[in-house]
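Here is the structure we will look at, set down as structure tokens.
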Amino acid sequence: MSALLSAGEFEVRLKKTKMLLLDVDGILTDATTFYIEGSGFTRFFNMYDGYGIKLLIKAGFPVGIISGGQAKDLQERIKVLGIEHFVLGSEDKLASMKTLSEKVKIPFENIAYMGDEIFDLPALRAAGLSISVPGATDEVKSQVNWITHKTGGNGAVREIIDAIRKIQNLSS
């Protein structure tokens, strides 16, 4: 059963959104990891997504990261982008979302969550706006409110950020 919204309904939900929470692998990255001898595993992050995150934060709009991992490359990315709200090392995405929701005092109904994997489903179901990417599992795509045109790690996050900025008239 699809939960996809019409473009008009999507805009209504975007207007109500007060925080954007992001999964990492498959959303901020294309889910590819590679190994560098002496450094370990790492991945590529999209610069356009990163700049979009900085724009939202600069406009006073909270952005958060929820990841089951806690790799050094992710920690460094969070630091470089100035992301203050994050939970790392927990695969319980709903509990992590609750922690961040309580921290910033923004209810689930005003949170947009982007995820792509089965363990993201509880958080996606609880969020006021659930978003995924074309490469997500079919089970996830069948239950989210919106699927981006761009793929994870290739501008999907920026696509949503630009939509939020436009509909909420956020400047930075």
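Calculate the all-directions average of the projected area of the stretch 24-66's alpha-carbon convex hull, and give it in nm².
Hull-based average projected area comes out at 3.6 nm².
For the chain, find the longest principal axis of its Cα atoms and tell me its angle to the long axis of helix 7-16, 0 to 90°, nearest 10.
80
Give me the net charge for the shell around GLY82: Cβ to Cβ below 9 angstrom, other residues only, Lys and Arg +1, Asp and Glu -1. If you can, show how the numbers build up before the last one.
Working: positive: LYS54, LYS58, LYS79; negative: GLU84.
Around GLY82, the charge tally is +2.
Just to confirm the number: angle between the C-alpha axis of helix 93-104 and the first principal axis of the chain, 0 to 90 degrees, nearest 10?
That works out to roughly 70 degrees.
In the stretch 69-172, what percent of the accessible surface is made up of carbon and sulfur (1.4 Å probe, ligands and nucleic acids excluded)?
The nonpolar share, carbon plus sulfur, comes to 50 percent.
About the Cα centre of the stretch 36-172, how large is the charge dipole given +1 on each Lys and Arg Cβ and -1 on each Asp and Glu Cβ? Please answer in debye to the nearest 20.
That gives a dipole near 540 debye.
Considering the options GLY115, ALA163, THR151, tell which one lies farthest towards the positive end of the dipole of the chain, charges being +1 on Lys and Arg and -1 on Asp and Glu at the Cβ, about the Cα centre.
ALA163
Got the relative contact order for the chain handy, in percent, Cα pairs under 8 Å and 6 or more residues apart?
Relative contact order comes out at 32 percent.
Scan [x] 118; [y] 99; [z] 157 for the value of volume of the Cα convex hull per residue in Å³ calculated from this model and give just the label.
Comparing each candidate, only [y] matches the computed number.
How much length would be gained if the chain were fully extended between LYS166 and LYS105, taking 0.36 nm per residue of separation minus their Cα-Cα distance, in nm to one decimal? List each step's numbers first, then the result.
Working: separation 61, 0.36 × 61 = 21.96 nm, distance 2.38 nm.
Working it through step by step, the gained length comes to 19.6 nm.
The values are calculated or read from the model by the stated rules, or taken from the named source; none is laboratory data. What you see is a predicted model; the values in this text were computed from it and never measured. We place every Cβ from the backbone using ideal geometry, glycine too, and count neighbours over all the protein chains shown. Please note that ligands, DNA and RNA were not included when accessible areas were found on the heavy atoms of the full protein model with its side chains. Shrake-Rupley method; radii C 1.70, N 1.55, O 1.52, S 1.80 Å.
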